[in-house]
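K.L.:
Structure in C-alpha cells, see below.
None of the figures in this text is laboratory data; all of them are computed from the coordinates on show. Note that this is a predicted model, so its numbers are computed, not measured. Using ideal geometry, Cβ is built from the backbone for each residue, glycine included, and neighbour counts are taken over all protein chains shown.
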Amino acid sequence: MSVKPHVVFYTKPGCHLCEEARAEIARSGCAGLYTYEEVDILSDPELTRRYGWDIPVLLIDGTHAFKHRLTAEEFRKAITRAAQPGQNYPR
C-alpha cells in the first residue's frame, strides 16, 4: 500500500491569490490522491515572518512545490508524480 502525498497549503485570510489557488486545486480533479493541510500563517509569528507576502505557498511532502500561482494541470501533474510508489516530490 502506498502512502498518499501530503499537501500543506500556507495561506491567510483575505488572500485573493490563495482563493485562486484553492479553486485550481479543486478543479484539478485529484482530491482522493493526496492528504491536505491548510495553515494560516497568522497563527504563528515565525510563519508570518517566513511567508509574509509570499503566499500562497504549497508544499508536497515537505518540498516547496508552488508559490503565488498554480494551475489545475500543474497541480495534478505534481500530485501524480508524488503519488508514484517509491518516488518523492519533485521529479
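K.L.:
In segment 21-39, what residues are exposed (fewer than 15 other Cβ atoms within 10 Å of the Cβ) and either among the aromatic types (Phe, Trp, Tyr) or farther than 14 Å from Leu59 by Cα (or both)?
P.N.:
From segment 21-39, those exposed (fewer than 15 other Cβ atoms within 10 Å of the Cβ) are 23, 26-27, 29, 31-32, 35-38; that's our starting set.
Residues satisfying the conditions are Ala23, Ala26, Arg27, Gly29, Ala31, Gly32, Tyr36.
K.L.:
Tell me, which residue of segment 19-60 that is within 12 Å of the chain's Cα centre (by Cα) and among the aromatic types (Phe, Trp, Tyr) is nearest to Thr80 (Cα to Cα)?
P.N.:
Out of the qualifying residues, it is Tyr34.
K.L.:
Would you kindly identify the helices (runs of 4 or more DSSP H) lying entirely within segment 13-91 that contain at least 2 residues that are among the β-branched types (Val, Ile, Thr) and within 22 Å of Val3 (Cβ to Cβ)?
P.N.:
Values: elements: 16-27, 45-51, 72-82.
Helices (runs of 4 or more DSSP H) meeting the threshold: 72-82.
K.L.:
Same structure, new question: Six or more apart or on different chains, Cβ atoms under 6 Å: show the pairs whose first residue is in segment 45-59 and in contact (Cβ under 8 Å) with a residue 40 or more places away in the chain and whose second is of a type in the set (Val, Ile, Thr).
P.N.:
Tyr51/Ile41; Tyr51/Val57; Ile55/Thr11; Pro56/Thr11; Leu59/Val8
K.L.:
Do you know which residues across segment 1-12 are closer than 23 Å to Glu73 by Cβ and in a loop (DSSP other than H, G, I, E, B)? Break it down into steps so the answer makes sense when it comes.
P.N.:
First pass over segment 1-12, keeping only residues closer than 23 Å to Glu73 by Cβ: 2, 4-11.
Scanning segment 1-12 gives Ser2, Lys4, Pro5.
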